[in-house]
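Participant: My questions will all concern the structure given below.
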């Protein structure tokens, strides 16, 4: 399955962020990868590619992957490329497109998770947009997270072939690994809201638990390679946003 | 090239929105497609699939495509599926991934274009979030549009094989058609800002002009199949947001 290619991942060294979805794929497959920007001189190498000083496609932003002559950006595209090479997708073309579609929907959720604390501008600090963040987080937790979780719950419930335990086909795909990561991130950012939502989304929560227990993933999560969630990443814990969400939920419930 | 498959596109009938990127691909290829929700009873058919009452993958939201047994959502995934079937991508696998990566970056820009007028919640009216929209639009037009346009300008300048006239390879791909649509949408929403940005992004503007002049696209654009931009879609013209952007630009320039 694994080819003798040297995989180089380029991503910010201090956060899980979007790079984590790709790290999890390599870790679950047990395939070695070079997390370039986390070693000395790596940030400079990443910058050179972003500035267009190397051959190959030009990335708009990290993460991107280098594999031989190929340079490929966009998390979902990287996972689609790696899927068959790491044994993380079924053989069937339609099933592979379904996995990719689910990954793109997870990517939409990730973008919204970021914008919940940065609704005005990525270039400003959270502290400069706290008031609109409170409003957006209320909508995100009150409307959007439930909508997305319900969607993945239904997708799981439809997959009889995978005994309703995985999103597509008989075995885990990179989309299941990513669903684990999204749930972990949302639980970090919104512990109250997620505790409230968990009972109604038990299949999603089971995927999270099942992925966390896979031997290679468990080993990774307890290793130093796994960075901690923090307030520089996509999933940030600001208690006031989790509370704002609760108020939103109460308002909707009344 | 064209297979004898009946392509059914499902998308909201009153807006260009994300469905337009797929319409443009069919139109340029000269391949017939059924724009289901725009004919009587079509909205009900679309709703049935969204509710999970049909076989095949479950879409999170429109647009989605049905082709034989396949149901596929997510604009970029649909275009990736159609690309080889409609003759809108090169043969080479790396080049196809590059087209897809560019399309995903355009999708990120489209999501930001939407959020510029809806920074708080999709479920609220623009009028309920005018003040934060003014702030977000200032950042979008002052920082984000220039960053994206500069990126596509550089991608074009790197493509010697396509004489720096198309994004990837020798001929137009679906990403070029989508770049046309994004420029058209931004020009509709922010005429002042785009007039100011055009001279510095002449390769991007040339792609826009070159696509508009392709015979089948020109015929489509003047047909009744082409919906007008409007204030229900992704690209909306609110003069106060275009002006907010100008003030932002002046502030940055000072």
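Each reported figure results from applying straightforward, stated rules to the coordinates on display, with no laboratory input. All figures in this text were calculated on a predicted structure; none of them were measured in a lab. We place every Cβ from the backbone using ideal geometry, glycine too, and count neighbours over all the protein chains shown.
Participant: Post the alpha-carbon centroid distance, the stretch A:4-25 to the stretch A:71-135, in whole angstrom.
Facilitator: 14
Participant: Once you average over the residues of A:55-67, how many Cβ atoms of partner chains fall within 10 Å of each Cβ?
Facilitator: Shielding by partners across A:55-67 averages 4.
Participant: Among B:6, B:236, which comes first, then next, by fewest other beta-carbon atoms within 10 Å?
Facilitator: B:6, B:236
Participant: In what sequence do A:96, B:23, A:164 fall when counting other Cβ within 10 Å, fewest first?
Facilitator: Ascending number of Cβ neighbours within 10 Å: A:164, A:96, B:23.
Participant: Provide the FRET efficiency to the nearest 0.05 for the residue B:54-residue A:44 pair, computing r from the beta carbons and using R0 = 60 Å.
Facilitator: 0.70
Participant: Test of understanding: ordering B:91, B:225 by Cβ neighbours within 10 Å, fewest first, what list do you get?
Facilitator: Least crowded to most crowded, the residues run B:91, B:225.
Participant: Where both residues lie in the protein assembly as shown, what percent of DSSP beta bridges are antiparallel, nearest 5?
Facilitator: Of all bridge pairs located within the protein assembly as shown, approximately 80 percent are antiparallel.
Participant: Which peptide among A:119-126, B:182-189 comes first, and what is the full order, when sorted by highest mean count of other Cβ atoms within 10 Å?
Facilitator: Highest to lowest by the protection proxy: B:182-189, A:119-126.
Participant: Cα-Cα pairs above 18 Å in the stretch B:115-254: how many percent?
Facilitator: In whole percent, the long-distance tail amounts to 59.
Participant: I need the calculated FRET efficiency for the pair residue A:127 and residue B:212, taking r as the beta carbon distance and R₀ as 45 Å, to the nearest 0.05.
Facilitator: 0.50
Participant: Classify the stretch A:87-172 as rounded, prolate or oblate, taking a ≥ b ≥ c as the square roots of the eigenvalues of its Cα gyration tensor: rounded when a/c is under 1.5, otherwise prolate if a/b is larger than b/c and oblate if not.
Facilitator: Prolate is the answer for the stretch A:87-172, as a/c is 1.5 or above and a/b outweighs b/c.
Participant: Would you look at the GNM of chain B, springs on alpha carbons closer than 10 Å, and say which of B:52, B:169, B:30 moves the most?
Facilitator: B:52
Participant: If you don't mind, there's one more thing I want to ask. Evaluate the relative contact order of chain B (contact order divided by residue number), counting alpha-carbon pairs under 8 angstrom at least 6 apart; express in whole percent.
Facilitator: Taking the mean separation of contacting Cα pairs over the length of chain B, I get 21 percent.
Participant: For a quick check, take a GNM of chain B with Cα springs below 10 Å and name the residue from B:94, B:76, B:219 with the largest mean-square fluctuation.
Facilitator: Largest GNM mean-square fluctuation: B:94.
Participant: Which of rounded, prolate or oblate describes the protein assembly as shown when judged by the alpha-carbon gyration tensor and an a/c cut-off of 1.5?
Facilitator: rounded
Participant: For chain A, set up a Gaussian network in which alpha carbons nearer than 10 Å are linked by springs, and say which option among A:44, A:85, A:138 fluctuates the most.
Facilitator: A:44
Participant: Assuming R0 = 51 Å, can you tell me the calculated FRET efficiency for the pair residue B:195 and residue A:150, based on Cβ-Cβ distance, to the nearest 0.05?
Facilitator: 0.70
Participant: Kindly identify chain A as rounded, prolate or oblate by the Cα gyration tensor criterion: order the square roots of the eigenvalues as a ≥ b ≥ c, call it rounded if a/c is under 1.5, otherwise compare a/b with b/c, prolate if a/b is larger, else oblate.
Facilitator: Oblate, because a/c is 1.5 or more while a/b does not exceed b/c.
Participant: Can you give the helix-only mean residue ellipticity at 222 nm for chain A, where every DSSP H stretch with n ≥ 4 adds -39500 (n - 2.57) and the sum goes over all residues, rounded to the nearest 500 deg cm²/dmol?
Facilitator: It lands at -17000 deg cm²/dmol.
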